[in-house]
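Here's the structure we're looking at; comments come further down.
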Amino acid sequence: QVQFVESGGGLVQPGGSLRLSCAASGIILSTYNMGWYRQVPGKQRDFFATITSRGITTYADSVKGRFTISRDNAKNTLFLQMNSLRPEDTAIYYCNRVPPISGYWGPGTQVTVSQ
């Protein structure tokens, strides 16, 4: 049974940083393309960062240069380093395969960027 559990979210001021984690079980992350997604209530879930099984990373323009996706194969954990956070980054953040598997969505972690 595949399970993703996201953590590391919180309240941060604009310009601040957070590091999100996605602990995986029932799946070996390094064998799949993995990504981070985020959702604002009332809007669709958006994909914005991916790391391939070979370690190649790509980002949406909205986060490029500010966010970094990485993977620790020994810990079977996906990370997202977020710097220079903006109020528009406020959302619930999720990890999943790319493309996502509907039954794999975890609880997500809330990120709020506000004064």
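The values are calculated or read from the model by the stated rules, or taken from the named source; none is laboratory data. Quick caveat: nothing in here was measured; it's all calculated off a predicted structure. Quick reminder, even Gly has a Cβ in these numbers, built from the backbone with ideal geometry, and neighbours come from all protein chains shown. Please note that ligands, DNA and RNA were not included when accessible areas were found on the heavy atoms of the full protein model with its side chains. Shrake-Rupley method; radii C 1.70, N 1.55, O 1.52, S 1.80 Å.
For G10, enumerate residues with amide H under 5 Å from its amide H, sequence gap 5+ or separate chain, H modeled in the peptide plane.
It is V111, T112, by chain and number.
Ignoring ligands, DNA and RNA, please state the percent of accessible area on the chain from carbon and sulfur, probe 1.4 Å.
48 percent
Determine the relative contact order of the chain: mean sequence separation of Cα pairs under 8 Å and six or more apart, normalised by residue count, in whole percent.
Averaging sequence separation for qualifying contacts and normalising by length gives 37 percent for the chain.
Report the net charge of residues surrounding F79, where surrounding means a beta-carbon distance below 14 angstrom and charges are Lys +1, Arg +1, Asp -1, Glu -1.
Neighbour charge sum, excluding F79 itself: +1.
Send over the per residue convex hull volume for the range 63-115, Cα only, as a whole number of Å³.
109 Å³
Per residue, how much accessible area does the chain have with a 1.4 Å probe, in Å²?
Roughly 53 Å² per residue, with all protein chains present.
Cα-Cα pairs above 17 Å in the chain: how many percent?
Cα-Cα pairs of the chain separated by over 17 Å account for 49 percent.
Please report, in whole Å³, the volume per residue of the convex hull around the C-alpha atoms of the range 19-60.
Hull volume normalised by residue count: 98 Å³.
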